[in-house]
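The values are calculated or read from the model by the stated rules, or taken from the named source; none is laboratory data. Here the structure is a predicted model, which is why all the values come from computation and not from measurement. With ideal geometry, Cβ positions are generated from the backbone for all residues, glycine too; neighbour counts draw on all protein chains shown. Accessible surface areas use protein heavy atoms only, side chains included; no ligands, DNA or RNA. Shrake-Rupley method; radii C 1.70, N 1.55, O 1.52, S 1.80 Å.
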Amino acid sequence: MTPEELSELILSEITQAAAAGQIQLAADDMPQQVKVERPRSREHGDWATNVAMQLAKKAHTNPRDLAAVIAARIEVHSAISAVDIAGPGFINVRLHAAAAGELAQTIVEAGQVYGRAAAVTAAVAKDGSGVDANSSDAAFELASASASAAASTAAAGAVNLEYVSANPTGPIHIGGARWAAVGDSLARILEAAGVRVTREYYFNDHGAQIDHFSQSLLARALGEPTPENGYGGEYIGDIAQRVMAAHPDVDVAALPREQAQEFFRKYGVDLMFGEIKEELHNFRSDFDVFFHEDSLHESGAVTAAIEKLRELGVIYEQEGATWLRSSDFGDDKDRVIVKSDGEAAYFAGDIAYYLDKRARGAQHAIYLLGADHHGYIGRMYAMAKAFGDTAGKGGNMEILIGQLVNLVRDGQPVRMSKRAGTVITLGDLVDAAGVDAARYSLVRAAMDTPLEIDLNLISSRTNENPVYYVQYAYARTCSVDRNAAEHGVVRSAAGSTFDPALLNSEADGELLAVLARYPEIVGQAAELREPHRVARYLEELAGAYHGWYGKSRVTPRADEPVEPVHEARLWLNDAAGQVIANGLGLLGVSAPERM
């Protein structure tokens, strides 16, 4: 019996008790689900719920009396061995060993879908590289529905998840790398929870930073010093040389300065962004849409957005500029959207971009932004509210702020990249530790806390390295599986000879209990937008598995025959491996069969 099945059983018995008049509970007061959790002490049972304490007031009774009614109804179920009432009204449930052990078969047979609230499939084929366009070519549909609480985060519709969105003026720095890992993992987790997700990258190809970039390329091509506000680093020379090599018929030195700069703007930005896309793809962070900021200005979308606000009566003219009355919607002050020189402010592009996302079907637009964007939250939320939308957790617009990343090696900060010149890049981290260790280390801490990564630790092959610890647990399940086959221990077809009651040791129970929590962890990670919960859970599961491995034999000793208990433990071994692989997959980390 899984925690979900126990939850459904308790809810069913509460419903039937109300219908029979055993408890006075109106239909509107019935809970949508019953939460069951592992008690802190195993002496209290396998699972516990405080549902009686939650419903007692509505049922016009005290919690212990209500708990007694619920307990009497569920304890007759064949899967339940005992039900106790503790404290003010906690209901503690102990399962028969067979009911608890059945989870191993459930997990193995579910395979990759164990822990998923709904199967989400792309309605169109994707090649994994994203669509360099200004509309979403990735339409998603739910292949199946789920009553799981994890799916509640998807109730209001599709999510547009925007992350990284670094300027195409240089390699992705370590902060962007964190968003690539966190954003992609969050997208995978949301999809596992039943949410339709579009992964989007906002291509900042409009504004002064592109001018500075093209000027830097031109200066490097002509052998001139880096211009003021320009970009340094070896990559500038690389891009400049590649642009000229691709156009040997163009004599840059002979062109007028403005024309030469435009030449590098046209071809240099494309080359740089191509490198960014490739780097992200190699980091297993792919996008459905690459949206061009410049298109908002060229298409008239910015002007149209401003006119929409004018129709709503939420903008005004002052000092030759056009202002949004953002202070009326919770911002600390009003914001300029058209400057006194007639140029649209950067914020105007944000407004048009948000409207475009909503027009493309996004009920929720989630933005993952760096720590330097904290001041944007007030104006962005105010803008959404000005259009009549909701903002904040679960609203039409939601902004998540991530904190800085610092790298250390041999106890000393790593501060500068040879290629980028001034910052540490995603490529530097991958070169030092590999994709698996880089992604895992960037995800395992809460995104709103500063992160320090020890390059020596994450590149080591020891149990102190969290990703190695988890991956080694999976590799060990595969080794056990291979060894079992050599000794004639196999899982029977459809579990015909699998006896779950044999998984009755304390170590079996501990491992099964951790495995049972996986769907709940996925749901929480989606609901709270916290991918690190999956990583920390995997470390807990790896610890439980390593402990179980030290106490349980899947293969018989040389002088022993193969017994049914060996097959039962093989089912549990393979269940642990499946959940570890599923969890690593949500983080974009591989599950190697050998290490």
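Compared with the dominant Cα axis of the chain, that is its longest principal axis, helix 3-19 is turned about 70°.
Shape verdict for the chain, please, from the Cα gyration tensor: rounded (a/c under 1.5), prolate (a/b greater than b/c) or oblate. The shape class here is oblate.
Distance between the C-alpha centres of region 226-302 and region 45-75: 65 Å, rounded to the whole angstrom. Ranked by solvent-accessible area (1.4 Å probe, protein heavy atoms only, all chains present), the residues Asp350, Asp328, Asp454, Asp84 order from largest to smallest as Asp328, Asp84, Asp454, Asp350. In the full protein context, the chain carries 44 Å² of accessible surface per residue, based on a 1.4 Å probe and ignoring ligands, DNA and RNA.
With each label modelled as a point 7 angstrom along the Cα→C-beta vector, the Glu5-Asp249 pair spans 7.2 nm. Stretching Arg242 away from Glu563 to a fully extended chain increases their span by 108.9 nm, per 0.36 nm per residue minus the current alpha-carbon distance.
Is the shape of region 438-534 rounded, prolate or oblate, going by the alpha carbon gyration tensor and its root eigenvalues a ≥ b ≥ c, with a/c under 1.5 for rounded and a/b larger than b/c for prolate? Oblate shape, in that a/c is at least 1.5 and b/c is the bigger or equal ratio.
Against the chain, whose longest principal axis is taken from its Cα atoms, helix 532-551 shows a tilt of about 40°.
Sites listed here are trypsin sites (Lys or Arg not before Pro) in region 451-520 whose DSSP assignment is loop and whose Cβ has at most 12 other Cβ atoms within 10 Å: Arg461.
The label point for Gln318 and the one for Arg553, both projected 7 Å from the Cα toward the Cβ, are 8.2 nm apart.
A simple spin-label model places pseudo-atoms 7 Å from Cα toward Cβ; at Gln112 and Tyr346 they are separated by 4.1 nm. Only DSSP H runs of four or more residues enter the estimate; each adds -39500 (n - 2.57), and after division by the residues of the chain the mean residue ellipticity at 222 nm equals -14500 deg cm²/dmol.
Of the residues Met1, Met397, ranked by 1.4 Å probe accessible area with the largest first, the sequence reads Met1, Met397.
In the chain, the portion of solvent-accessible area held by carbon and sulfur atoms comes to 48 percent [1.4 Å probe, whole percent, DNA, RNA and ligands not counted]. Treating the angle as unsigned and between 0 and 90°, give the value, to the nearest 10°, between the Cα long axis of helix 97-110 and the longest Cα principal axis of the chain. Relative to the chain, helix 97-110 is tipped by roughly 40 degrees.
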